[in-house]
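Report on the structure given below.
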Amino acid sequence: MKFSFKKGGDDGGEKKPKAKSKSRGGGDGLASVKKSLANHGEKILLAMIGLVSLYVIYSGFSQEGMSSTPDDVKTEVGSARRNMEATTWNEVKDAQFSDVDRFDEQASADTIPIKVEHFTLRAPLHPVLQEERQKRKDPVLIAPMELEVRPGYGALLTADNGQDDRRGVRSVLGSSNEDTRPLPDQVRERIGGRSSSSGPTESRYFNSVLGLVPAKAHQDAYRDALSKAIEYSMERDTPRYLAVEIERREIAPDGTPGQWVALDSPRVLATEPGNWASKEEERISSDHVIPALVMPLPPIVMRDVGTWAAHSKIPQQQVDERGSVIEPSELNDRGNTSIDEDGEFSLFGAEESFDERANPDEGQDGDEYGGDELTEADIRGQLKVEFGMLRFFDFDVAPGKAYQYRARLLLEDPNNPNSHERPSTDACETDVVIRRQATPEKKFVETPWSTESASVIVPSGTQIFAGTVAAPARRAVSSSGGRISLPMRATDEPVANVMGVAWDSGEKLDVPAPLEVRRGSLVKKMKAELEVVDPSISRVRKVKDYNFNTDFLVVDIAGGERLDRRGDLRSPGMVLVMDRAGNLMFHSELADRDSYNFYAIPPDEEEMRSEQQQLENGEGEGVERGRGRGRGRRDRNRGGEQDEAADDFGIFGAEDERGGRGR
């Protein structure tokens, strides 16, 4: 398209177009930039591409060339193949594991000893994770050990139970006030709290059977047999003592033993204490007590039950002068027995489970052996000592007879328990499965029988204790061999003061009799007036026309010789006696002193004052002859002149046959 412009002249009258006015806001500058880009953009882009191309070309020519030859490449490839095919574990192992594990050597060389037991687990961390290595078998149990038997007799305090035992009342009503008097202070101090019976009593002869229970050995046997077995349970697989079985046999006078007879000891242990008025405080340490095996101590009037309480290898607790335990034992129940409502004996109780008996605080009050919440040791049934103790009182014995005993223990069967879940058949060995199938109702196992005890003879109740001896007065006699000391008279013999004690089963008390005896004398006194301590009234009572007889024969007497010139010190008395069976027994004043004093009753002070008054009035000789008291004091200095003569050659004389020193 062509445009033609006509030049206008002044005369032409054609007007020129007006020029646009410039914008004051600078819009012409932005428009000029856009216009420049539109006109020169292609040129700028082409220039940039050219520069990049030049840089690439320059970089390519600047790189170094490959210096390796084909042979070098071939060599590298072969080396790589050989490295992949070669085995270099030994070199790598030595390089990376240069230090060998020497923990055992370091531990043995350590100067600080380490006790492994401090790091052992008493229970598995989790029963499910415990490795099951063997099937369950029966533990090998050990019999009780070292049985000891101690005989005794006395008045047993029994429960009232509506019985009409009025011996003490009859004693008081049947005697006047002149026939009784209060206990002297000396007697009350000696017998302490053992004087009063305050209830019905029975005359009983008995044997106390004591033995050691190898508790630690039983724990080890259970641990060896069951701790690594299938379905192991800490609560179930531990010794749980249920009862002790006792058998007895009588020994004939010629020494021939009889047949063993079962004593039904579990029932006796459970029922006999119920017939007593009370129970004595336990004397043995609670660490050794297994209640199911320890019969309580019976209340024997005027007897120290500590004599029959503990085995010689089991420590006793301390008691005060009245027989009370200073620190009463707090016994943990580790088993018990009972009689159910139908009168049937049960090892596990009538209506309560074994666990309930093990912890009587749960749901019921415990008996004297019950108490606080069970500790871990109680749950496991483990004592902290090597030996526990068993104790049984056999009241079915006769005086004068000899007996032997043996014992075995009953424990809950861990493979057929009564108080826990029964292990499965697959978990038990074949012999255990067969045994359970043969006797499914048997929930306990027995130990073997113990070795029989030594034979003991039940005493008849008569005793004798030696006191002082009065040696005969002596005189000096010249002979061809020199001067010798002889008795003043050929018939002079030593006189011994003895205390005879006879048990009166009818009156249920000890009858003591102070006697003067010579060689060949029988320890007896007929139609005697004696004094006894009556525990039913806690008073001294006179017994008139009493025929006292011990059946002891005095064989020999020695002692009583002067040991100084004044005669204040004399040799202790000694007496040799023989019983009705022909057994010889030696008694010494020193050994029998405590027993002699225990049974000696001081004279009534009021009566002594009355006798002194009669002596002052000239009636003393008849009174003293009738009473027979004070002979030792009255005749003590007889033969003094002869003693002085004997002193010339160093022999100290003594009194004549009537010069005994009374107590």
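The number of residues in the stretch 505-520 being assigned to a strand (DSSP E or B) and either among the hydrophobic types (A, V, I, L, M, F, W, C) or touching a Phe, Trp or Tyr at 6+ places or on another chain (Cβ under 9 Å) (or both) comes to 8.
Scanning the stretch 580-611 for residues that are modelled with pLDDT of 85 or more and buried (at least 16 other Cβ atoms within 10 Å of the Cβ) yields H587, E589, D592, S595, Y596, F598, Y599, A600, I601. Every test in (1) modelled with pLDDT of 90 or more; (2) among the hydrophobic types (A, V, I, L, M, F, W, C); (3) part of a loop (DSSP other than H, G, I, E, B) is passed by L210 save one, and that test is (3). When you scan the stretch 562-573, do you find a residue that is surrounded by 15 or more Cβ atoms within 10 Å (Cβ to Cβ), under 14 Å from I464 (Cβ atoms) and modelled with pLDDT of 90 or more, even just one? Yes, the stretch 562-573 has at least one match. Of all the criteria given as (1) surrounded by fewer than 16 Cβ atoms within 10 Å (Cβ to Cβ); (2) part of a strand (DSSP E or B); (3) not small (G, A, S), the one not satisfied by P253 is (2). When the stretch 272-288 is examined, which residues are found to be modelled with pLDDT under 90 and either over 12 Å from the mean Cα position of the chain (by Cα) or farther than 15 Å from S208 by Cα (or both)? Scanning the stretch 272-288 gives A277, S278, K279, E280, E281, S285, S286, D287, H288.
Residues that are within 18 Å of the chain's Cα centre (by Cα) and among the small types (G, A, S) occur in the stretch 226-246; there is at least one.
The single condition among (1) at pLDDT 90 or above; (2) surrounded by 14 or more Cβ atoms within 10 Å (Cβ to Cβ); (3) under 25 Å from V397 (Cα atoms); (4) not β-branched (V, I, T) that Q259 does not satisfy is (2). Among the residues of the stretch 418-430, those that are under 19 Å from E235 (Cα atoms) and touching a residue at least 24 places away in the same chain (Cβ under 8 Å) comprise N418, S419, H420, E421, P423, S424, A427, C428. Checking every residue in the stretch 277-296 against the condition of being in a helix (DSSP H, G or I) and touching a strand residue (DSSP E or B) at 6+ places or on another chain (Cβ under 8 Å) gives at least one match. Whenever a residue of the stretch 441-453 is modelled with pLDDT of 90 or more, its partners that are loosely packed, with under 15 Cβ neighbours inside 10 Å and acidic (D, E), lying with C-beta atoms within less than 9 angstrom and at least six residues away or across chains, give the pairs S450/E146; T451/E146; S453/E146.
Residues V397, V433: which one is assigned by TED's automatic domain parsing to the domain that holds R223 and without any contact (Cβ under 8 Å) to a residue 12 or more places away in the chain?
V433
Counting only strands (runs of 3 or more DSSP E) that sit completely within the stretch 385-483, those holding 2 or more residues that are within 23 Å of the chain's Cα centre (by Cα) correspond to 388-394, 402-412, 444-446.
Only one entry of V543, V523 meets the criterion of being crowded, with 17+ Cβ neighbours inside 10 Å, part of a strand (DSSP E or B), touching a Ser or Thr at 6+ places or on another chain (Cβ under 7 Å) and modelled with pLDDT under 90, and that entry is V523. Applying the set (1) surrounded by 14 or more Cβ atoms within 10 Å (Cβ to Cβ); (2) assigned by TED's automatic domain parsing to the domain that holds R240 to A466 leaves exactly one unmet item: (2). Go through the residues of the stretch 477-494 one by one and say whether even a single one is under 27 Å from P214 (Cα atoms) and crowded, with 17+ Cβ neighbours inside 10 Å. No, every residue in the stretch 477-494 fails to be under 27 Å from P214 (Cα atoms) and crowded, with 17+ Cβ neighbours inside 10 Å. Collect the residues in the stretch 550-569 that are in contact (Cβ under 8 Å) with a residue 60 or more places away in the chain and in a strand (DSSP E or B), keeping them in residue-number order. Selection gives T550, D551, F552, I557, A558, R562.
Take the conditions (1) exposed (fewer than 15 other Cβ atoms within 10 Å of the Cβ); (2) without any contact (Cβ under 8 Å) to a residue 60 or more places away in the chain; R518 misses just one of them, which is (2).
The values are calculated or read from the model by the stated rules, or taken from the named source; none is laboratory data. None of these values were measured; they are calculated from a predicted model. Note that we place each Cβ from the backbone using ideal geometry, even for glycine, and neighbour counts take in every protein chain shown.
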